[in-house]
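The values are calculated or read from the model by the stated rules, or taken from the named source; none is laboratory data. Predicted, not measured: the structure shown is a model, and the values here were computed from it. Here Cβ is always computed from backbone atoms with ideal geometry, including for glycine, and neighbour counts include all displayed protein chains.
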Amino acid sequence: MWEIKLAEGFSVSALGLGCSSMSYGYETGPRDDRESIRVIHRALDLGVNLFDTADVYGPFTNEELIGRALEHRRSEAVLATKCGMVAGPDGRFRRDGRPEHLRRACDASLRRLRTDTIDLYQLHRVDPAVPLAETWGALAELVTAGKVRALGISHATCAELDEIHAIFPLTTVQYELSVWAPQSKREILPWCRRNGVGFLAFAPIGRGFLSGRVSPDRLGAGDSRVRDPRFRAEAMRANEVILDGLRQVAARHGGATPSQVAIAWALAQGPDVVPIPGTRHLHWLEENVAAAGLRLSAEDLHRLDTLPAAVGEMHWDRLREARTGLADAPEAAGDRPSA
């Protein structure tokens, strides 16, 4: 697999692996750490070297799993984790961007990941209770201290990106981006292009919906998707038109699957876009990686780009629209982070 240069001296594979579902979030069957470790090792064998996690996934258990999996193959991997969210005893989350918390969180992540350096340390959410300059300055100090190689952020406005990029350069911005969630193409991706910052596209398969393998009756009460309006039964029925569009394009490419078309669409958004589809199963990993070889035509891309908008908004979209007129906001404090 080819590599993408995100910054001077910082390159990653064209596809990454989102690891959260190995420990957290999606509940469509029992979890198997041994199988997850096999998936991570197979990803390395297939040329995938970027692994994305966060301290709140589990919480903590996802980082521990990644640390075990990569302990003897660390030199082959680019480790990306996140900070700035804290899990409460009731299972709800709050933001914490205080410098003292971030320093402690980094040290704890280093221990769980069994490494001396985090390759990409991402602020999971902006904490409105802490001046952003203080938060970002503390993260920059971790780079200076040699604990972190590069910094990224997930779910920030363009104004926030301007502020922090002037303090210490961003290497990546992470947002949801897929055929049914193209909103980041409006402002965030253009901002990244203007500033030479890479874009990590999480949920390129629409949190599983675009695979065609998800139905309302498969989502248990503990599955994070039950809080996503797009996964309500009536919305899923309405959104079948998007899935049908993917199937039509897949039919033009022999044995391609809707998932592969969805990933290929994300890759086609530009050489600075790195999709990080998640899975905990070897079969789906191999299917996802094979999508890197699928080239969509201009006609294919036009078909996908003109599909109807997804029915159902994520609540962070509505929150940001009400507050600032934008449609790319982070989740409200207390909600489970989706990436």
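Scanning the range 266-289 for residues that are assigned to a helix (DSSP H, G or I), among the acidic types (Asp, Glu) and touching a Leu at 6+ places or on another chain (Cβ under 8 Å) yields a single hit, GLU286. Which of the numbered conditions does ALA43 fail, given that it passes all the others? Conditions: (1) outside any helix (DSSP H, G or I); (2) touching a strand residue (DSSP E or B) at 6+ places or on another chain (Cβ under 6 Å). Only one criterion is unmet by ALA43, namely (1). When VAL143 is tested against (1) surrounded by fewer than 22 Cβ atoms within 10 Å (Cβ to Cβ); (2) among the aliphatic types (A, V, I, L, M); (3) over 19 Å from LYS5 (Cβ atoms), exactly one condition is not met: (3). In the range 92-113, of all residues being surrounded by fewer than 23 Cβ atoms within 10 Å (Cβ to Cβ) and touching a Lys or Arg at 6+ places or on another chain (Cβ under 7 Å), the one that is farthest from HIS124 (Cα to Cα) corresponds to LEU110. In a residue-by-residue description of the range 23-31, the property of being at positive phi, at pLDDT 95 or above and surrounded by fewer than 21 Cβ atoms within 10 Å (Cβ to Cβ) applies to no position. For the subset of the range 146-166 comprising residues that are in contact with an Asp or Glu (Cβ under 9 Å, 6 or more places away or on another chain) and within 30 Å of PHE209 (Cα to Cα), which member is surrounded by the most Cβ atoms within 10 Å (Cβ to Cβ)? Checked the range 146-166; the qualifying residue surrounded by the most Cβ atoms within 10 Å (Cβ to Cβ) is ILE153. Only one of the listed residues (PRO169, PRO182) is surrounded by fewer than 23 Cβ atoms within 10 Å (Cβ to Cβ), closer than 21 Å to ALA203 by Cβ, out of contact with any strand residue (DSSP E or B) (no Cβ under 6 Å at 6 or more places or on another chain) and touching a residue at least 40 places away in the same chain (Cβ under 8 Å). That residue is PRO182. Scanning the range 142-157 for residues that are assigned to a helix (DSSP H, G or I) and touching a residue at least 40 places away in the same chain (Cβ under 8 Å) returns a single hit, LEU142.
Within the range 34-85, restricting attention to residues that are free of Cβ contacts under 8 Å to residues at least 12 places away in the same chain and over 15 Å from LEU17 (Cβ atoms), which residue is surrounded by the fewest Cβ atoms within 10 Å (Cβ to Cβ)? Checking each candidate, the answer is SER75. Quick check: anything in the range 118-128 aliphatic (A, V, I, L, M), farther than 18 Å from VAL56 by Cα and either crowded, with 24+ Cβ neighbours inside 10 Å or touching a strand residue (DSSP E or B) at 6+ places or on another chain (Cβ under 8 Å) (or both)? No, there is no match, as no residue in the range 118-128 is aliphatic (A, V, I, L, M), farther than 18 Å from VAL56 by Cα and either crowded, with 24+ Cβ neighbours inside 10 Å or touching a strand residue (DSSP E or B) at 6+ places or on another chain (Cβ under 8 Å) (or both). For the range 214-265, the tally of residues that are in a loop (DSSP other than H, G, I, E, B) and loosely packed, with under 13 Cβ neighbours inside 10 Å stands at 6. Evaluate the following for ASP127: is it acidic (Asp, Glu), assigned to a loop (DSSP other than H, G, I, E, B) and closer than 22 Å to PHE199 by Cα? Answer is yes for this residue.
TYR175 satisfies every condition listed in (1) part of a strand (DSSP E or B); (2) more than 30 Å from PRO308 (Cβ to Cβ); (3) out of contact with any Asp or Glu (no Cβ under 6 Å at 6 or more places or on another chain) except (2). The set of residues in the range 3-33 being in contact (Cβ under 8 Å) with a residue 24 or more places away in the chain and in a loop (DSSP other than H, G, I, E, B) consists of ALA14, LEU15, CYS19, SER23, TYR24, GLY25, TYR26, GLU27, THR28, ARG31, ASP32.
Any residue at all in the range 96-104 that is at pLDDT 95 or above, in contact with an Asp or Glu (Cβ under 6 Å, 6 or more places away or on another chain) and either in a strand (DSSP E or B) or among the aliphatic types (A, V, I, L, M) (or both)? Within the range 96-104, none of the residues are at pLDDT 95 or above, in contact with an Asp or Glu (Cβ under 6 Å, 6 or more places away or on another chain) and either in a strand (DSSP E or B) or among the aliphatic types (A, V, I, L, M) (or both). Selection of the range 290-339 for residues being in a loop (DSSP other than H, G, I, E, B), modelled with pLDDT under 90 and more than 19 Å from SER184 (Cα to Cα) yields ALA333, ASP335, ARG336.
Regarding the range 77-90, can at least one residue be identified that is over 24 Å from LEU6 (Cβ atoms), part of a loop (DSSP other than H, G, I, E, B) and modelled with pLDDT of 95 or more? No, the range 77-90 contains no residue that is over 24 Å from LEU6 (Cβ atoms), part of a loop (DSSP other than H, G, I, E, B) and modelled with pLDDT of 95 or more.
If the condition is being over 21 Å from the mean Cα position of the chain (by Cα) and closer than 12 Å to ILE118 by Cα, then the range 129-152 contributes LEU142, VAL143, ALA145, GLY146, LYS147. Here LEU170 fulfils each of the conditions (1) in a strand (DSSP E or B); (2) within 22 Å of ASP96 (Cβ to Cβ) apart from (1).
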